[in-house]
Amino acid sequence: MAQIKEDKDILILGIESSCDETAASVVRGGREVLSNEISSQIDIHTLYGGVVPEIASRKHTERINQVIRAALGAADKTLDDIDAIAVTCGPGLVGALLVGVSAAKAISFAKDIPLIGVHHIEGHISANYIAAPDLEPPFLCLVVSGGHTHLVIVKDYGEYEILGRTQDDAAGEAFDKVARAIGLGYPGGPKIDRASREGNPDAMHFPRGHVGNAKYDFSFSGMKSAVLNYLNSEKMQGRAVNVPDVAASFQQSVVEVLVSHTMDAAAEYHCDKVALAGGVAANSALRKTMEEACRKTGRTFYCPPPVLCTDNAAMIACAGYYDYIRGIRSGLDLNAMPNLPLGQA
């Protein structure tokens, strides 16, 4: 691991607006969260069964300044106290990203504060540094969210090796689609998690997706299709569907693949530290199963609390801190990059 000189007094203002949460946070020294304000749009998008990009962008515009002021106020800081601004620049919804990036650029220009563009997935990974102050690279991290499923070796701060990624649906996306199909609605992940607690995970067997020669890649589209086929079959035969059983069986199939891929990679690459990140990392079954697998194999398990798994700005400020002390800066030409690959912010 490269030696970097940390400064525990550095204050980073983080801004996150990649999807449907408008968030701002002040973090000191990379790991001490002074404030973490999140304005969620879930109630609005629930009416449409998912995130509507145009509505998300409009709501970000309405709320961004209020949320930034709230974060500064909760931290008892002003913009004059801030050493740098870290903002999510990709990946995500382009209109939503533009709101956060534009706000950060405006503040950077007006107050002459350094600007740092942060990769959204790097932010999720960095949430583990906040939750576990003793955690340092290298470690293996499974990032699972509504838009991403990545298995990553964190070699150093800002240095990543992607071992596997989804070839189709992300895990969170599959949860949302199955939840809608069985009548649970949006957001699907938390609702499937709750319904599964009342169901039998062995009631039915859905296929476990694997990808040919790419042993650490993921595929969830087939699992989702298997659930839809089962639902159609039951409907055609006039049989009632046990929603908790379907939810639990589907959830178990996804969790088994996520955990088996991660533990196989940990063994092959000799990783004794394993972390979870992303919105789906809040799933209780995934957290429990991964923790048990790590305990059985003598590995240390890390996972942020749920509030740091879902989109938030503290994780962006944390990632921005490590870029800042490594001398990384963005110019005022920073733009929203909806398809930004990991490691290229």
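The charge dipole of the chain, taken about its Cα centre with unit charges on the Cβ atoms of Lys, Arg (+1), Asp and Glu (-1) only, comes to about 600 debye. Each of Cys141, Ser108, Asn128 was scored by the projection of its Cα onto the charge dipole of segment 82-164, and the greatest displacement toward the positive side belongs to Ser108; charges sit on the C-beta of Lys, Arg, Asp and Glu.
For segment 137-304, the residue among Leu163, Ala285, Val211 whose Cα projects farthest onto the positive side of the dipole built from Cβ charges is Ala285.
Where only DSSP H runs of four or more residues are counted, the chain gives -14000 deg cm²/dmol as its mean residue ellipticity at 222 nm, each run worth -39500 (n - 2.57).
A Cα-only calculation for the chain places Rg and Dmax at 20.1, 67 Å. Cβ-Cβ distance of Phe109 and Asp81, R₀ of 25 Å, FRET efficiency by 1/(1 + (r/R0)^6): the value works out to about 0.90. Extension gain, Lys288 to Ala203, is 28.6 nm, computed as 0.36 nm per intervening residue step minus the present C-alpha separation. Counting Lys and Arg as +1 and Asp and Glu as -1 over every other residue whose Cβ lies under 12 Å from the Cβ of Gly199, the net charge comes to -2. Taking every DSSP beta bridge that has both ends in the chain, the antiparallel portion is near 60%. Straight-line cross-link partners of Lys111 among the lysines, defined as a Cα under 28 Å from its Cα and at least 8 positions apart when in the same chain: Lys5, Lys8, Lys59, Lys77.
Under unit Cβ charges (Lys, Arg +1; Asp, Glu -1), what dipole magnitude, rounded to 20 debye, does segment 195-336 have relative to its Cα centre? Dipole size: approximately 100 debye.
Computed from Cα atoms, the angle from the helix 94-111 axis to the main principal axis of the chain rounds to 20 degrees. Full extension of the segment from Asp272 to Ser233, taken as 0.36 nm per residue of separation minus the current Cα-Cα distance, would add 9.6 nm. Taking Cα atoms only, the orientation of helix 314-325 departs from the longest principal axis of the chain by about 50 degrees. Summing Cβ point charges (Lys, Arg +1; Asp, Glu -1) relative to the Cα centre of segment 166-272 gives a dipole of roughly 500 debye.
Applying 1/(1 + (r/R0)^6) with r as the Cβ-Cβ distance of Glu159 and Asn339 and R0 = 25 angstrom yields a FRET efficiency of 0.75. Between segment 309-337 and segment 222-284, the alpha-carbon centres lie 32 Å apart. Qualifying trypsin sites (Lys or Arg not before Pro) in segment 1-102, where qualification requires a DSSP coil assignment and no more than 15 other C-beta atoms within 10 Å, comprise Lys5, Lys8. Find how many whole Å separate the alpha carbon centroid of segment 98-113 from the alpha carbon centroid of segment 12-35. Segment 12-35 and segment 98-113 have Cα centres separated by 14 Å. Rounded to 0.05, the FRET efficiency of the Ile328 and Asp264 pair, given R0 = 41 Å and the Cβ-Cβ distance, is 0.80. Taking the C-alpha atoms only, the angle from helix 120-131 to the longest principal axis of the chain is near 80 degrees.
Read-outs throughout are calculated quantities, based only on the coordinates presented, and are distinct from any laboratory measurement. Computed from a predicted model, the values in this text were never measured in an experiment. As a convention, Cβ positions derive from the backbone with ideal geometry for all residues, glycine included, and neighbour counts pool all protein chains shown.
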